[in-house]
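The values are calculated or read from the model by the stated rules, or taken from the named source; none is laboratory data. In this text, all values refer to a predicted model and were calculated from it rather than measured experimentally. Cβ: placed from backbone, ideal geometry, glycine included. Neighbour counts: every protein chain shown.
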């Protein structure tokens, strides 16, 4: 292959090294270091496109790059840089371009030309070791020399940091992040405590920091490693939904995490470090007490990361404050309104539904829960109608856009996602609505409240005005929140919040096999589900054939191609496929490709683009919507008075 040829991508990555001069920058992010540049390689007729992370890059720099070729669907072959080092320019022209590129403050193209003309190929050695000689160049005064020297030292520090980090197995991407975080102090920080990277830099976790530490020769029994391991185990627990771990479990998991082929950590040492971290408030250690207040430990000593502990405590205090402000209402008047409302619509509330509406009339916080088909939706609709008749301003929200859309359809009022309701600001990564700037509503409904995690629940409670009412609606038998905390379930089981649990399955809902199966599963019963056939009578079908993942893909393809169209549904707009995992044959990634080929195959008239191994094509349904039942217009919120 000639030097000018641009290789195509191979199935297996083949790393190679090249050297060249940066001709120009197409794009460079000063924040992340991500760069697209054009490189002039020796004897090459065409410029090479290079892509990677660079702490500082300027035209004229001579770089030695290690990486691999990849094919961009729009821009062709590109060289993906994984490691790089800077070398000195080898020609006078290269020196002029290097110095005059803006790399060194105080030296522009004209000054660079003069310096190189005077010192020739010794220019960089003069700047490095005899910078005072720059006064020999016309137009350079001593004040300017000091500016050039300072800029040169900065560039030298960047180079030293990058060489040091890459020499210890740190990728260019992480090396750039480390330099951006610590600047010239990066080497000393990483050398002293490489585990600090896991705390300070997004994307570097304990495992990456541990590898860096091993390359630096940090011993496995380092106290820094033990401390970082404890925090890592708590973070992993948070990923699984836990706000804390019992100390015994934390020690056990940390012991397992820190064990290597050459080192077995001491359980006693781990326990001692927990005590020391607790004194420094790096961990919060809490002695839990049982609900009866006997002083006997329930789960023993509990260990929290500080943010989780204080958020949990503050959420509990906020809930207690909200429970102190019950509304004064005329209950017979409320009951009379409910009677008129239901009679006018020809419906009848169950005893529990009636109770929920009455409680919501005066309670500052009400929880409405129950399984599918038990009337949560219409009960919520009735409560909102009551609040509107009472003249209250009402805010409606849900954790997801789909749930908010359903809430809006049901009530006829605008509903928002919780992040939109609380006015999330991506610049500060915080909510604008809080105790200083509360929500402008007298009453607030949050649907699908089982999705509330600890931090979102606390943000919501902070923004609820003291005199406002809050209705949480959700089914605790559904999956809990993605984030840490099981807020709705904990509130229900606390016994401190008014809870109405709807259990009666209404006649219309019992006609759905989906609802029936859900309740059977909740009761621990094996559901009776109709097998898939060409003439199904049920809305819930079961395919029992095949035990291999490939069989599952085949079944889905058959349903999409044959059964679903035969039943009168459009596979492109009426179908949503749920997967329990991301990777694997039956994961979302593979199924997205399979469904794309079935529903929206490639053609000459469809533009497509590939990013990260995924092809997006015009006509793709990136979000597949579920079909919702709309309330008739005569069941929208009433305009009559309370």
Inset, instruction - Please work out if residue 70 is at pLDDT 90 or above, assigned by TED's automatic domain parsing to the domain that holds residue 150 and either within 20 Å of residue 148 (Cβ to Cβ) or within 34 Å of the chain's Cα centre (by Cα) (or both). - result: no
Inset, instruction - State all residues of the stretch 415-441 that are in contact with a strand residue (DSSP E or B) (Cβ under 7 Å, 6 or more places away or on another chain) and in a loop (DSSP other than H, G, I, E, B); if no residue qualifies, say none. - result: 422, 423, 432, 439, 441
Inset, instruction - Find all pairs meeting these conditions: Cβ atoms under 6 angstrom apart; at least six residues apart or on different chains; first residue within the stretch 550-577 and free of Cβ contacts under 8 Å to residues at least 12 places away in the same chain; second residue crowded, with 16+ Cβ neighbours inside 10 Å and assigned to a loop (DSSP other than H, G, I, E, B). - result: 564/571
Inset, instruction - Would you please list the contacts, defined by Cβ atoms under 6 Å and residues six or more apart or on different chains, that run from a residue in the stretch 192-209 that is in contact (Cβ under 8 Å) with a residue 12 or more places away in the chain to a residue that is surrounded by fewer than 17 Cβ atoms within 10 Å (Cβ to Cβ) and outside any helix (DSSP H, G or I)? - result: 198/205
Inset, instruction - Looking for whichever is surrounded by 12 or more Cβ atoms within 10 Å (Cβ to Cβ) and modelled with pLDDT under 50 here; the options are 636, 627, 617. Which one fits? - result: 636
Legend entry - Exclusive hit being modelled with pLDDT of 90 or more and not assigned by TED's automatic domain parsing to the domain that holds residue 542, set 482, 487: 487
Inset, instruction - Look at residue 110 and say whether it is in a helix (DSSP H, G or I), over 24 Å from residue 181 (Cβ atoms), out of contact with any helix residue (DSSP H, G or I) (no Cβ under 9 Å at 6 or more places or on another chain) and at pLDDT 80 or above. - result: yes
Legend entry - Failed item in (1) free of Cβ contacts under 8 Å to residues at least 12 places away in the same chain; (2) over 28 Å from residue 275 (Cβ atoms), with residue 174 passing the rest: (1)
Inset, instruction - Please tell me if residue 105 is out of contact with any helix residue (DSSP H, G or I) (no Cβ under 7 Å at 6 or more places or on another chain) and under 30 Å from residue 27 (Cβ atoms). - result: no
Legend entry - Looking only at the stretch 174-192, and only at residues there that are surrounded by fewer than 18 Cβ atoms within 10 Å (Cβ to Cβ) and at pLDDT below 85, the one that is farthest from residue 127 (Cα to Cα): 180
Inset, instruction - Would you check which residues across the stretch 184-196 are in a helix (DSSP H, G or I) and over 13 Å from residue 161 (Cβ atoms) and list them? - result: 192, 196
Inset, instruction - Taking only the stretch 261-288 into account, find how many residues are in contact with a helix residue (DSSP H, G or I) (Cβ under 9 Å, 6 or more places away or on another chain) and surrounded by fewer than 12 Cβ atoms within 10 Å (Cβ to Cβ). - result: 1
Inset, instruction - Could you list all residues from the stretch 368-385 that are closer than 26 Å to residue 321 by Cβ and in contact with a helix residue (DSSP H, G or I) (Cβ under 6 Å, 6 or more places away or on another chain)? - result: 368, 383, 384
Inset, instruction - Spot the failing condition for residue 303; the list is (1) at pLDDT 90 or above; (2) assigned to a helix (DSSP H, G or I), and only one is missed. - result: (2)
Legend entry - Candidate set from the stretch 500-515 (those that are surrounded by 19 or more Cβ atoms within 10 Å (Cβ to Cβ) and touching a residue at least 40 places away in the same chain (Cβ under 8 Å)); member that is farthest from the chain's Cα centre (by Cα): 505
Inset, instruction - Give me a count of the residues in the stretch 532-549 that are in contact (Cβ under 8 Å) with a residue 24 or more places away in the chain and in a loop (DSSP other than H, G, I, E, B). - result: 6
Inset, instruction - Among what's in the stretch 18-36 and is part of a loop (DSSP other than H, G, I, E, B), touching a residue at least 12 places away in the same chain (Cβ under 8 Å) and surrounded by fewer than 16 Cβ atoms within 10 Å (Cβ to Cβ), pick the residue that is farthest from the chain's Cα centre (by Cα). - result: 31
Legend entry - Residue that is assigned to a loop (DSSP other than H, G, I, E, B), at pLDDT 85 or above and assigned by TED's automatic domain parsing to the domain that holds residue 281, where the choices are 260, 254: 260
Legend entry - Failed item in (1) more than 26 Å from residue 478 (Cα to Cα); (2) assigned to a helix (DSSP H, G or I); (3) touching a residue at least 40 places away in the same chain (Cβ under 8 Å), with residue 315 passing the rest: (1)
Legend entry - Where residue 495 falls short, out of the listed (1) loosely packed, with under 12 Cβ neighbours inside 10 Å; (2) over 24 Å from residue 400 (Cβ atoms); (3) at pLDDT below 80; (4) assigned by TED's automatic domain parsing to the domain that holds residue 365: (3)
Inset, instruction - Considering only the stretch 37-52, state which residues are in a strand (DSSP E or B), in contact (Cβ under 8 Å) with a residue 24 or more places away in the chain and more than 33 Å from the chain's Cα centre (by Cα). - result: 39, 48
Legend entry - Residue that is surrounded by the fewest Cβ atoms within 10 Å (Cβ to Cβ) [pool: residues in the stretch 354-392 that are within 33 Å of the chain's Cα centre (by Cα) and in a loop (DSSP other than H, G, I, E, B)]: 372
Legend entry - Total residues in the stretch 393-408, condition touching a strand residue (DSSP E or B) at 6+ places or on another chain (Cβ under 6 Å) and either within 12 Å of residue 446 (Cα to Cα) or not in a helix (DSSP H, G or I) (or both): 7
Inset, instruction - Kindly provide the set of residues from the stretch 125-168 that are outside any helix (DSSP H, G or I) and either free of Cβ contacts under 8 Å to residues at least 12 places away in the same chain or surrounded by 13 or more Cβ atoms within 10 Å (Cβ to Cβ) (or both), ordered by number. - result: 130, 137, 140, 141, 168
